[in-house]
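Below: one structure, written as structure tokens.
Quick note: the coordinates plus some simple rules give every number you see, no bench work behind them. All of these numbers come straight from a predicted model, not from anything done at the bench. Backbone-built Cβ (ideal geometry, glycine too); neighbour counts: all protein chains shown.
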Amino acid sequence: MKITRQQLDQAIDRNILSNDQGNALWQFLAEHSNDTASFKASHILYYLGGMLAIGAMSLFMTLGWAQFGGFGLMMIALVYAGICVSLLETVLNHPQFAIPSGIVAALIVVLAPLAIYGLQSALGYMDDHENYRDYHVFIDWRWIIMELGSLVVGIVVLWRYRLPFSVMPIAVTLWYMSMDLTPFLFGDADNSWELRKWVSVVFGLLMLMVALIVDLRDKQSKDYAFWIYLFGVLAFWGGLSSMNSGSELGKLIYCLINLGMIALGAVLARRVFAVFGGLGVAGYVGHLAYQVFKDSLMFPFALTVIGFAVIGLGLVWQRREAEIASCLRTYLPTRWREMVESRS
């Protein structure tokens with residue numbers, strides 16, 4: 001829920017708050033809004049600049065960097081990381097710099113695999129990987145050392161600075177591991193792609209369990225679990241969606257799982273479940289339209305009726321959202337319910 005100055009002025013006009021209370025409350029909210037991401041020009045610039053810097057050290061690194069050699073890459077990564085640490089130590093206790101601080105902290109974690117890659121390359125362990133960008137493109141079990149090192153650095157950075165955005169590269173690394181672990185554990189078997197799908201599903205579920213634990217243990221207003229939820233759902237849903245079921249029953253079960261994700265998103269107040277669940281349901285409906293009922297005259301009409309029924313359900317939900325959500329959350333364990341209600 002976002003509060004605007006106009007709403008506070010209306011509360012003052014209705015004598016809900018005095019003028020002094022309204023002004024004091026607005027000043028308090030303004031002072032504590034800098035650490036919350038929102039659609040402000042400054043925040044957009046923060047994230048745009050941060051993504052450019054992170055991309056420069058990962059996805060967009062050019063082949064020309066190979067001329068620095070392994071030790072050169074490692075030293076560049078360490079110098080960059082040292083600059084980032086110096087910046088963080090300077091602004092650590094300034095709440096107005098919370099968002100850029102989180103981006104700088106994330107950059108430190110992103111630099112970790114580059115430094116490890118440089119060291120491995122210098123020692124002769126990366127002869128087949130002359131381009132560092134391959135780390136972000138190709139699946140290979142030899143990235144495991146870089147990923148484990150990134151996790152260690154990420155945990156240290158998170159422990160030291162307590163910045164939620166620094167969880168993002170940790171979650172990305174876990175997602176990468178879910179794909180790279182399959183050839184490491186099972187080798188390059190003929191059915192490796194099928195194994196990778198199942199590993200992605202299982203790893204995604206494990207990440208979601210970790211996110212729930214973080215949610216339950218986190219007593220602060222900062223949302224440390226968001227990125228773990230995002231990439232956990234991405235790994236789970238991506239692996240599940242890539243499985244080609246040969247039966248309509250399997251596809252129906254897939255749709256039901258996605259409907260369950262939408263309901264879970266509503267219960268836990270996590271939109272990421274609803275977004276991916278909605279994409280899954282839309283994909284299933286598309287399958288019905290283009291495969292099962294492609295020659296049916298009645299399917300578009302039936303789908304229209306279903307669409308209006310969903311809209312009607314949305315209207316009912318909007319009017320009785322608090323009551324319905326509260327009813328659904330009674331089935332959750334007490335600690336989960338308290339966690340969801342405090343965040344809602």
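Going 7 Å from the Cα of Trp336 toward and past its Cβ, which residues in segment 253-281 have a backbone nitrogen under 13 Å from where you end up?
Zone members listed by number: 261, 263-270.
Taking the Cα centre of segment 196-325 as origin, work out the dipole magnitude from +1 charges on Lys and Arg Cβ and -1 charges on Asp and Glu Cβ, in debye rounded to 20.
Working: 11 positive and 7 negative charges, 46 e Å.
Using only the charged Cβ atoms, the result is roughly 220 debye.
Treat each spin label as a single point 7 Å out from the Cα along the C-beta direction, and report the Ser245 to Met75 distance in nm.
It is 5.7 nm.
With unit charges on the beta carbons (Lys and Arg positive, Asp and Glu negative) and the dipole taken about the Cα centre of segment 259-344, which residue among Leu259, Gly277, Tyr331 sits farthest to the positive side?
Among Leu259, Gly277, Tyr331, the one farthest towards the positive end of the dipole of segment 259-344 is Tyr331.
With +1 assigned to the C-beta of every Lys and Arg and -1 to the C-beta of every Asp and Glu, and no other charges, what is the dipole magnitude of segment 259-344 about the Cα centre in debye, to the nearest 20? Intermediate values should be presented prior to the final figure.
Working: 9 positive and 5 negative charges, 49 e Å.
The dipole magnitude comes to about 240 debye.
How do the peptides 197-209, 161-173 rank, highest first, by the average count of neighbouring beta carbon atoms within 10 Å per residue? Intermediate values should be presented prior to the final figure.
Working: 197-209: 19.0, 161-173: 22.8.
Going from most to least packed, we get 161-173, 197-209.
If you count, for each residue, the other Cβ atoms within 10 Å and average over each peptide, how do 105-116, 17-28, 44-55 line up from highest to lowest?
Values: 105-116: 25.1, 17-28: 13.1, 44-55: 14.6.
The peptides rank, most packed first, as 105-116, 44-55, 17-28.
Per-residue counts of other Cβ atoms within 10 Å, averaged by peptide: what ranking do you get for 248-259, 138-149, highest first?
On the way: 248-259: 15.2, 138-149: 17.0.
Most protected by this proxy first, the peptides run 138-149, 248-259.
In terms of modelled amide H atoms, which long-range or inter-chain residues lie less than 5 Å from the amide H of Ala269?
none
At 0.36 nm per residue, minus the direct Cα-Cα distance, what do Ile16 and Trp317 gain on full extension? Give it in nm, one decimal, please. Can you show the working numbers first?
Working: separation 301, 0.36 × 301 = 108.36 nm, distance 2.84 nm.
Net length gain for the segment: 105.5 nm.
For a Förster distance of 30 Å, can you work out the FRET efficiency between the beta-carbons of Val85 and Leu45, rounded to the nearest 0.05?
Numbers: r = 23 Å, r/R0 = 0.76.
For Val85 and Leu45, the calculated efficiency is 0.85.
Give me the extension gain from Tyr125 to Val285: residue separation times 0.36 nm, minus the current Cα-Cα distance, reported in nm with one decimal.
Going from the current span to full extension adds 52.8 nm.
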